[in-house]
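A short reminder: the numbers here are calculations on the coordinates, not readings from a lab. In this text the structure is predicted, and so the values were computed from the model without any measurement. Note: ideal-geometry Cβ built from the backbone for every residue, glycine included; neighbour counts use all protein chains shown.
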Amino acid sequence: MKLLAWNVRGIGPSLTFQTAVGLVRSNTPDLVFFYETRSSRRVVSRRMRGLGFAISNCFFVDAVDASGGLVVAWSPEVDASVFYHSDFCTCVRINEVDFSYIVVCAYISCNNSIRASQLAHLQELCSTFHLPYVIMGDFNTTLHESEKDGGNPWNASQAISLRDFIHELGLHDPGFLGDQFTWTNKRMGAACIRERLDRALCSNLWMERFPETLVKHFTDQGSDHRAILLSDKAYARNCRPLFRFDAR
C-alpha cells in the first residue's frame, strides 16, 4: 500500500505536472491526493488522465476563483469509494481481500480559528471510525519548535488545536525519511523560512495493522511544498523512530 499526497500549488503548470508524472511513475501509488489544484475541473481532469487515472477513479472538489481545489484518485486495481467529503477533507474507504482501511485526505486552514473548527469537526468524524485509518495532507501548522526554521519565532499557541487533536484521537506520527521541512518560502539566506506542514497521522489500529508504516518526503520541485509518500513497508533500517504525542 502506497499513498501519495502533495500540495501542488496549482496543477496546471508544466513543471508541476512533469514532477507529478515522475512521482507517480517511480512510486506507483495506490492512491494520490493533490490539494490546492487552483484549476478548473477541465484542467484537473486532463492532468489526471495524463497521469494515467480514469476519471471514474477520481473525486474532485473544485477550486473557487482559482483558489483551493482537491482531487483524490486511485489506481484501477484498488477497490475504493468516497464516503464523506467537505471543502477541506475527503474520506476514502479502501477494501483489500481480507480487510479494509480508511484514508482521510485533509487540507487544513492556516487561520487559527478556522483550523481549530476544522480539526474539531474531523475529530468528531474520526471518532466514529472502527477501521484502521490515516490522515494525510497539509495541516498548515507545526507541532514543535524544531519543525520551523527561519522567520518569526515559533508560536506555540498555533500548535494547540493540532496537539489536542492528536492527543484526543491517540494518533501516531510514523516517522519519515528525507528533509524534515515540507514547505519553504523559496527565498535565500536569512529570508528563507522552512516548516514541516505536511504529515501523516495514523490511528492505533493502523499502526497495529501496518507496523512498518513510514513516510518519505520528496523534492519540492514544481511547488513550495514537498510531496509525501506513505508506505506500509519501511524504506530503510535507519529511519526516524516512531513518534507519539505526549501531553505531559
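Along Cα→Cβ, 7 Å out, is where each label goes; now give me the distance between the ones at LYS2 and GLN18 in nm to one decimal.
Each label point lies 7 Å from its Cα, and together they span 2.2 nm.
List the aspartates and glutamates whose alpha-carbon lies under 12 Å from that of LYS186, not counting same-chain residues fewer than 8 positions away?
GLU195, ASP220, ASP224
List, in order, the whole-Hz ³J(HN,Hα) value for each residue of the stretch 134-150 obtained from phi through the Karplus relation with A = 6.51, B = -1.76, C = 1.60 and θ = phi - 60°; use x for Gly and Pro.
Result, rounded to whole Hz: 10, 10, 10, x, 9, 8, 6, 7, 9, 9, 9, 4, 5, 8, 9, 9, x.
Tell me which residues come under 5 Å, amide H to amide H, from LEU197 once H is placed; ignore anything under 5 positions away on its chain.
Those lying under 5 Å, H to H, from LEU197 are THR182, TRP183.
Of all beta bridges DSSP finds with both residues in the chain, what is the antiparallel percent, to the nearest 5?
The answer is about 75 percent antiparallel.
Strictly greater than 23 Å: what percent of every Cα pair in the stretch 2-227 meets that?
Value for the stretch 2-227 (Cα pairs over 23 Å): 46 percent.
Cut-off 10 angstrom, C-alpha nodes, Gaussian network model of the chain. Which of ASP98, ASP65, ASP87 fluctuates the most?
Evaluated over the chain, the most mobile residue of the options is ASP98.
Do any chymotrypsin sites (Phe, Trp or Tyr not before Pro) in the stretch 50-158 lie in a loop, going by DSSP, with at most 10 other beta-carbon atoms within 10 Å of their beta carbon, and if so which?
Hits after loop and neighbour filter: PHE99.
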